[in-house]
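The structure under discussion appears below in the form of C-alpha cells.
Nothing in this text is a laboratory measurement; each read-out follows from the coordinates by a stated rule. What you are looking at is a predicted structure, and each value in this text was computed from that prediction instead of being measured. Here the Cβ is made from the backbone with ideal geometry for all residues, glycine too, and neighbour counts use every protein chain on show.
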Amino acid sequence: MVIEPKVRGFICTTAHPVGCAESVGEQIAVAEKYRGKINAGKRVLVIGGSTGYGLASRIALAFGGGAATLNVMFERPAAGVRTATAGWYNTAAFENAARDAGLYAKSVNGDAFDKEVKARVIDIIKRDLKTVDAVIYSLAAPRRTMPDGTAVNSVLKTVGENFTNKTIDLRNGQVGEVTIEPATDAEIDATIKVMGGEDWAEWIDELAAAGVLEKGALTLAYSYIGPELTYPIYTNGTIGMAKRDLYYTAKAISEKYGAKARISVNKALVTQSSAAIPVVPLYISLLYKAMKQIGTHEGCIEQMCRLFAEKLDVFDDEGYIRMDDLEMDPAVQKQVEKAWRAVTTENIAEYADIDGYWEDFYRMFGFNHKGVDYSADVNAEVAIEEA
Ligand code: NAD
C-alpha cells in the first residue's frame, strides 16, 4: 500500500516501515561513532525500547557498546488496511540491523505492567542471556492495569491550583491560552501508580528473585525537570509527583540489591509522549530554536550516547544524572524566557522552531525522510521474530 501520514491531534495513526528503518539507521550511525566509549552493560533489558529515549538507549548500548538487548514494548503489528505502529517498525529495523551486526536482539510485545509478561521475559533471559547486567526503564504509558484487573489512568494536570499559560495549536500556529485544572487526590495517586517507581521496583524484585539480575547491575529510569515556566504542569504537576516517586524508588533499589539504580534527567524532546503534555510543545518549539541557534541541540540518540559514554557516573547534589545540562544552560533559558514572553500567533516564526517540531514529529512515524519514495507501494506487514 501507499502510506501517508494521518495526523489526529498529537498522534499520527499511520507509520511508514521504510521511513522508520531510515530513522533507526540514522541513529545507528550516530551510535557507531561511540564504539569503544560505551561500556554500560553487555546483556541489557530495555523496558519501553521501541520509540523515543528507550529505543535510543537500546541503539546506543548495542551499536556503541556491543550489548545484547532484550526489549519490552507495547506495539501493534499491521492488520488489514492499518499500518503497524512506528515502534513496531523501529523494532523490526533495529533487530534486523543488530542481527546483521552479530548482536543478540529480541523483543517481547506485551504489557510491561503484567506479571505474566515479566515471567516471560525472565524465561527468555534464563534461556538466552542467563543474567542481565543493565535494566533500562523507559516506559511512558497512559494507563496501567492492576493485578486485580482494574485500570488506572495517568493525568497531566497541575497540583493545588489552576495554571493558566500560553499554549500553541501546532496545526495552525495559533498561540493562545490554556487553563489546566488541578488534579484530584485520586488522579495524583493514579498518575504515581502509572508513571512512578512501583512497577520499576517490581521488575527489579522479580528479576532478582529469579536470579537473573547480575550483582551490582545498573538500572536507569528517565525523568524531566525543566525550567520554572513549566513547573506547574510538569515538575510540580501530577507527572512530577510520579517522577519524584521514581527518585525514592532508585534509592530503595540501590539499598536493597546493591544495584546502581539511577535517574537520568533528560532533555525535553518531541516524542509520542511529550507531544501530549499541555504547554510543553510550545516550550519545546522555543527551546529547539534557541538550542539550534546556540549550536547545542541534541536528539534522543545524541543524548543517550553522551549519557552512556560520559555521564553515567556524574551526579548533581541530589544524585541525578543531568542530561538536561545543555537545555538548562542559562544562555538557552534566557532566550527561551524572552521568546516565551514575546511570542504571539503573528510572530511565531521568529521565536519558535515550528518546522523543526513538525520535522521531528513526522520523522517519529517514518515520514519526511528525503531518501524515501513515499509514493511507492510498500508492504506494511513487517515481521518481528518471536523471542
Ligand atoms: P515514548 O512514548 O517514545 O516511549 C514509550 C515506550 O514505552 C515505548 O517503547 C512503548 O512501546 C512503551 N510502552 C508504553 N506502554 C507500555 C506498556 N504498558 N507495556 C510495555 N511497553 C509500553 O516516550 P519517551 O518520551 O521516550 O519517554 C520515555 C521516558 O523518558 C519516560 O519516563 C519519560 O517521562 C522520560 N522523558 C521524556 C522526555 C521527553 O521530552 N520526551 C524528557 C525527559 C524524560
Suppose we flag GluC sites (Glu not before Pro) only when DSSP calls them loop and at most 10 other Cβ atoms lie within 10 Å. Which is the longest uninterrupted stretch of the chain? 1-160
Grab the Cα-Cα distance for Tyr231 and Asn162, subtract it from 0.36 nm times how many residues apart they are, and report the gain in nm with one decimal. 23.6 nm
Can you give me the Cα centroid spacing of region 345-387 and region 215-269 in angstrom? 29
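Could you tell me the relative contact order of the chain? Use alpha-carbon pairs under 8 Å, at least six residues apart, and round to a whole percent. Kindly include the intermediate steps, with their values, before the conclusion.
Numbers: 757 pairs, mean separation 88.0, N = 387.
Here the relative contact order equals 23 percent.
Taking 8 Å as the Cα distance limit and 6 or more residues as the minimum spacing, I'd like the relative contact order of region 150-218 as a percentage.
Values: 67 pairs, mean separation 22.4, N = 69.
Taking the mean separation of contacting Cα pairs over the length of region 150-218, I get 32 percent.
How long are the three semi-axes of the equivalent ellipsoid of region 150-232, in whole Å, if each is the root of 5 times an eigenvalue of the C-alpha gyration tensor, listed from largest down?
Numbers: eigenvalues 252, 55, 27 Å².
The answer is 35, 17, 12 Å, longest axis first.
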Sum up the lysine pairs in region 1-153 that clear both bars: alpha-carbon distance under 16 Å and a spacing of 8 or more or different chains. 8
Using Cα springs under 10 Å in a Gaussian network model of the chain, which residue among Ile11, Ile59, Ile28 shows the largest mean-square fluctuation? Ile11
With no solvent and one point on each alpha carbon, what is the Debye value of log10 I(q)/I(0) for region 348-387 at q = 0.15, 0.19, 0.27, 0.34 Å⁻¹? -0.57, -0.74, -0.97, -1.09
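Give me the percent of DSSP beta bridges within the chain that run antiparallel, rounded to the nearest 5.
Details: 13 of 41 bridges.
Around 30 percent antiparallel, to the nearest 5.
Residues with beta-carbon under 10 Å from that of Ala134, excluding Ala134: net charge, scoring Lys, Arg +1 and Asp, Glu -1?
On the way: positive: Lys42, Arg43, Lys260; negative: Asp133, Glu214.
In short, +1.
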Förster radius 45 Å - calculated FRET efficiency between Asp123 and Ile294 (Cβ-Cβ, nearest 0.05): 0.40
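Whole number please: convex hull volume per residue of the Cα set in the chain, in Å³?
Numbers: hull volume 54.2 nm³, N = 387.
Once divided by residue count, the hull of the chain is 140 Å³.
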Rg [Å, one decimal], Dmax [Å, integer] - region 185-251, C-alpha atoms: 14.0, 45
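Please quote Rg/Rh for region 256-354 to two decimal places, taking the Kirkwood radius as Rh and restricting both calculations to Cα atoms. Before the final figure, lay out the partial values.
Values: Rg = 15.4 Å, Rh = 14.8 Å.
Taking Rh as the inverse mean 1/r over Cα pairs, Rg/Rh reads 1.04.
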Largest to smallest principal axis extent of the C-alpha atoms in region 5-101, angstrom: 42, 26, 22
Based on Cα coordinates alone, diagonalise the gyration tensor for region 40-158, multiply each eigenvalue by 5, take square roots, and list the semi-axes in whole Å, largest first. 24, 18, 14
Need the list of aspartates and glutamates near Lys251 for cross-linking: C-alpha distance under 12 angstrom, and skip anything on the same chain fewer than eight residues off. Glu318
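Contact order normalised by length for region 73-181, with contacts defined as Cα pairs under 8 Å and 6 or more residues apart; what percent is it?
On the way: 91 pairs, mean separation 16.0, N = 109.
Result for region 73-181 is 15 percent.
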Any DSSP H helix in the chain with Cα axial reach of 30 Å or more and mean Kyte-Doolittle score of at least -1.0? Listed by number, the hits are none
Note on region 28-67: the mean projected area of its alpha-carbon convex hull, in nm², is 2.5
Stokes-Einstein D in µm²/s, Kirkwood radius over Cα pairs - region 163-301 at 4 °C with 1.567 mPa s viscosity: 77
Quote the convex hull volume per residue of region 266-315, based on C-alpha atoms, as a whole number of Å³. 93
